[in-house]
1. Report, largest value first, the span of the C-alpha coordinates of the stretch 77-195 along each principal axis, in whole Å.
2. Kindly work out what percent of the DSSP beta bridges joining two residues of the chain are antiparallel, to the nearest 5.
3. Calculated FRET efficiency, Trp45 and Thr142, Cβ-Cβ r, R0 25 Å, to nearest 0.05?
4. Run the dipole for the chain about the Cα centre, Lys and Arg Cβ at +1, Asp and Glu Cβ at -1, nothing else charged, and hand back the magnitude in debye, nearest 20.
5. Can you give me the long-range amide H partners of Phe331? Hydrogens built in the peptide plane at 1.01 Å from N, cutoff under 5 Å, separation of 5 or more residues or another chain.
6. With a/c under 1.5 counting as rounded, go ahead and sort the stretch 14-89 into rounded, prolate or oblate using the C-alpha gyration tensor (a ≥ b ≥ c being the square roots of the eigenvalues; past the cut-off, prolate if a/b is larger than b/c, else oblate).
7. If each DSSP helix of 4+ residues adds -39,500 (n - 2.57) and the sum is divided by the residues in the chain, what number results at 222 nm, nearest 500 deg cm²/dmol?
8. Taking square-rooted eigenvalues a ≥ b ≥ c of the alpha carbon gyration tensor, is the chain rounded, prolate or oblate, where a/c under 1.5 means rounded and, failing that, a/b exceeding b/c means prolate?
Amino acid sequence: MPPGFSKPALPAGSFELPPTAGLPAVFGDFIRKPARAFTLGLQDWLGLPEPVIPTCSGTAALVVALKTLHQRAPAKNQVIIPAYTCPLVALAVKLVPGLSALPCDTVRGGIDLAPEALGALCSERTLAIVPAHLGGRVADLTRVCAIAKKCGALVIEDAAQAMGAFNHGVSVGLAGDAGFFSLAVGKGLSTYEGGVLFSRHPDLSAELAAMAKKTLLPDFFRNLRRLLELAGYMALYSPSGLRHAYGRSLRRELARGDEVRAVGDYFTLEDIPLHSPDSLRLRAAANALERLPAFLAQGRMRAEKYLAELRKLEGVAVVRDNPDANGVWPFFMALLPGKRERDDILRRLWTSGLGVSKLFAHALPDYAYLGESGTGSPAGGPEAYSGARDFAARMFTITNSPWLDEEKFSGIVAVMRESL
Ligand SMILES: *Cc1c(COP(=O)(O)O)cnc(C)c1O
């Protein structure tokens, strides 16, 4: 490199930032002997009680939790889920015979379940409520737990996107009756597919562990496939590799006008295998976990810097935590004044390679493929699910990947300014 030149930035069009800040996994994670087993590492770091149950996916963790609760209370058959969340949550409910999912509206401009809507949906038939800590933000569990208690339902915290987030110094997942993390691609720490289930109640923990043992049997070929997929992820998780691994299909699906597939929101029940995870990927996870707290701390520092910039944009709101919470920052959820501005920004940035995306394509009741049987509830009139639908219409995400440097971030902000 000639003197006086700094290392050139990647030429435009040759990089693709991931939409979330995932911890890079390395091949050495398969080989190095970890200081502690993955589950013990999680116990130490997050203060999770024993046993911490590894599963093949976050969805599988939810299935195990629902089956366990249903076994306890066979007469209760309804599960209340946010009307804005991952479609896999609705499918998990569908996987448990006898249960149906009821979407509950979310508050305007946020991820929390709307208390009035939740109160109206709860009854003696409610088995569980599944609030979600979306995007690393810490959802309000106090009100949810109070409403759940009144109707005799239990609370399962969906912390799929929030491993490492704390509320009042306590890990998410420990305020409700059970909680789960996801280790899927795109979450903080990934084994390509994986999950973790736990409960603060010793008796329920034991029941969950017994149900997991019964439900999640070894599956050599599935795990071999996941192992190869994780190796591929390790090889391609870079701004140039992601151009192929993520950017190509994103562009193809968007060109087709299929936002559901572009976001990776299309799932069938066959996409949710139930088996136990293999020990080699758990070893890789144990090694990766040793780097995770520092990686998340750096993410928080980047987030503070970028949040200060985003705050200067009039008309833009970014979803934040309450003052007692300390969430994680895989990406930012930015709310625009209206759908028009949001869509304009996405039109210009979604395929820019800058890590701008939608979190989910729609509010849950608006996925045609889930249908009424998917959520167990009709989509309703124009007033139904107004909080969730408004959030889906006005929100987009900006990655907090370490590869998002200030120059790229400024480029995103410039487009936002023009669209406002
Ligand atoms: C990813 C995700 C899940 C499901 O986790 P998998 O590990 O992909 O099965 C559930 N809920 C939310 C909010 C998620 O983001």
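What follows draws every value from the coordinates through simple rules; no lab data is involved. Predicted, not measured: the structure shown is a model, and the values here were computed from it. All Cβ positions, glycine included, derive from the backbone under ideal geometry; neighbour counts span all protein chains shown.
1. Sorted from largest, the Cα extents of the stretch 77-195 read 38, 35, 26 Å.
2. 60 percent
3. So the FRET efficiency works out to roughly 0.55.
4. Details: 46 positive and 41 negative charges, 128 e Å.
Here the size comes out at about 620 debye.
5. Those lying under 5 Å, H to H, from Phe331 are Ala21, Asn400.
6. oblate
7. Mean residue ellipticity, 222 nm, calculated: -12500 deg cm²/dmol.
8. Oblate, since a/c reaches 1.5 and b/c is not below a/b.
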